[in-house]
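Notes to accompany the following structure.
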Amino acid sequence: MKHPSLVICRCEEVTMEQLEEAYASGSCTSRQLKMKTRATMGACQGRVCRTLVETWIHVKNPDGPRDAELLSYRPPIRPITFGQLAKDEA
């Protein structure tokens, strides 16, 4: 582990060390890592870190299936006020 404090998921502040620990405890797919560390669950919903997490998994296990439990993209949520909703309906 060369850079344990390297932040992989900025939204949830998940570090390389946390990914390594989760992987060592048995979280071996990107989906399992997501559930264990919250990587890709932040405000960007994985738009920034999804590829990093999936590539990291592939580097750890190059013989594993590339498409096993890939993470999906989700659009970011933008909060709006009730006033904005009322203007759209009027």
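None of the figures in this text is laboratory data; all of them are computed from the coordinates on show. All values reported here derive from a predicted model rather than from experimental measurement. Cβ placement follows ideal geometry from the backbone for every residue including glycine, while neighbour counts extend to all protein chains displayed.
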request  = Quick one: net charge around Ala39, please, counting Lys, Arg +1 and Asp, Glu -1 for every other residue with C-beta under 11 Å from its C-beta.
outcome  = +3
J(HN,Hα) series, region 36-52, from Karplus relation 6.51 cos²θ - 1.76 cosθ + 1.60, nearest Hz, glycine and proline x = 7, 10, 6, 4, 6, 9, x, 4, 7, 6, x, 5, 8, 9, 3, 5, 4
remark   = For Val14, the residues 5 or more places away or on another chain with a placed amide H closer than 5 Å to its own amide H are Ile8, Cys9
In nm, spacing of pseudo-spin labels at Asp63 and Thr51 (7 Å Cα→C-beta vector) = 2.9
query = How much length is gained on full extension from Thr81 to Arg38, taking 0.36 nm per residue of separation minus their Cα-Cα distance?
reply = 12.7 nm
ask   = Summing +1 for each Lys or Arg and -1 for each Asp or Glu, what net charge is found among the other residues whose Cβ lies under 14 Å from the Cβ of Ile8?
value = +2
